[in-house]
1. Would you mind telling me which numbered condition in (1) over 18 Å from the mean Cα position of the chain (by Cα); (2) surrounded by 18 or more Cβ atoms within 10 Å (Cβ to Cβ); (3) aromatic (Phe, Trp, Tyr) residue 155 fails?
2. Six or more apart or on different chains, Cβ atoms under 8 Å: show the pairs whose first residue is in region 113-133 and closer than 16 Å to residue 44 by Cβ and whose second is β-branched (Val, Ile, Thr) and modelled with pLDDT of 85 or more.
3. Of all the residues that make up region 112-123, how many are among the aliphatic types (A, V, I, L, M) and either surrounded by fewer than 16 Cβ atoms within 10 Å (Cβ to Cβ) or in contact with a strand residue (DSSP E or B) (Cβ under 8 Å, 6 or more places away or on another chain) (or both)?
4. Return the only residue of 213, 209 being under 18 Å from residue 33 (Cα atoms) and either in a helix (DSSP H, G or I) or among the acidic types (Asp, Glu) (or both).
5. Collect the residues in region 155-178 that are outside any loop (DSSP other than H, G, I, E, B) and among the aromatic types (Phe, Trp, Tyr), keeping them in residue-number order.
6. Please go through region 74-96 and pick out each residue that is among the small types (Gly, Ala, Ser) and under 20 Å from residue 143 (Cα atoms).
7. So which pairs qualify, if the first residue must be in region 37-50 and free of Cβ contacts under 8 Å to residues at least 24 places away in the same chain, the second must be surrounded by fewer than 17 Cβ atoms within 10 Å (Cβ to Cβ) and of a type in the set (Asp, Glu), the Cβ gap must be under 8 Å, and the two must be at least 6 apart or on different chains?
8. What do you reckon, is residue 220 outside any loop (DSSP other than H, G, I, E, B) and touching a helix residue (DSSP H, G or I) at 6+ places or on another chain (Cβ under 8 Å)?
Amino acid sequence: MIQHAMPLAATGLKIDWTRMPTYNTIMSVAAGAGLLLVVALGRQLLTSRRTITPDGWALAFGALGFTLVTTGLHMTLTWPLAGQGFPFDNVIFGEPALAFGVFLLAAAFYLWKRGAELLGDDGVVRTARVASPISVFVFGMGLACFGIAAAGWTYTLFAAPPEEPISGEFAQWPILEASFMSGLYVLVGIGAVLFPFALRRPRGWMSPVVGVVWGLAGIAFLLFGGLNYFTHIGLIVNTM
């Protein structure tokens, strides 16, 4: 593998990785896991909330929230991806990760302190009321996801270079990866925009829609993030 990569590094794209620390790999995995856990907890609240163990959910949301807040905050404030000509990626990945991480940390704190309230007969109604104020921010980030998706399609921002394994095989068709990634942001955006309205009628038709779109996006982000551990390492080897 390295013997094949070295000629590419010698003749193709060169990147000074000391000027562009890249960690959207773990951000993608954490975001995907977070979306899946939010959907899973919501489903349990609506179907079998008495089986919920609040401490376990608090730990999970806290761990994922910490990962996303630290990486997202650093990317948002320092713009590490601007050093080699990718400043837009700091907005695309850093700011949504920071926002989602804050949401997860807030949920973790609530579950740690007041999680037992979810087990009561009015657990669904109480949860909807508690989440209602923050849903305005969720709605706003949904609009942001639509904006990111539109930018991705317009400027084909997510296209991988030929030196990146697997994804680079489609480098001559940049619209493919741009459409895939933009589509994921659209899914997240749909769920986020519907979220405040779903809270008004938690057992209405909007809640399953939110669950489906966030679940699909969560699976994709989780798997794609895991795959990127190989593709990004390969890109580093091929462009050193």
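1. Exception for residue 155: condition (2).
2. Note: pairs meeting the criteria are 115/52; 118/52; 118/127; 119/52.
3. We begin by selecting, within region 112-123, every residue among the aliphatic types (A, V, I, L, M); these are 116, 118-119.
Still in the list and also either surrounded by fewer than 16 Cβ atoms within 10 Å (Cβ to Cβ) or in contact with a strand residue (DSSP E or B) (Cβ under 8 Å, 6 or more places away or on another chain) (or both): 116, 119.
Looking only at that region, the number is 2.
4. Values: 209 fails: under 18 Å from residue 33 (Cα atoms).
When all the criteria are applied, what remains is 213.
5. Here is the first cut: in region 155-178, the residues outside any loop (DSSP other than H, G, I, E, B) are 155, 167-170, 174-178.
Passing the criteria: 155, 170.
6. So the first thing to find is which residues in region 74-96 are among the small types (Gly, Ala, Ser), and the list is 82-83, 85, 94.
Hit for region 74-96 is 94, nothing else.
7. Partner pairs satisfying both residue conditions: none exist.
8. On the way: outside any loop (DSSP other than H, G, I, E, B): yes; touching a helix residue (DSSP H, G or I) at 6+ places or on another chain (Cβ under 8 Å): yes.
Yes.
The values are calculated or read from the model by the stated rules, or taken from the named source; none is laboratory data. All values reported here derive from a predicted model rather than from experimental measurement. Positions of Cβ are backbone-derived with ideal geometry, glycine not excepted, and every protein chain shown enters the neighbour counts.
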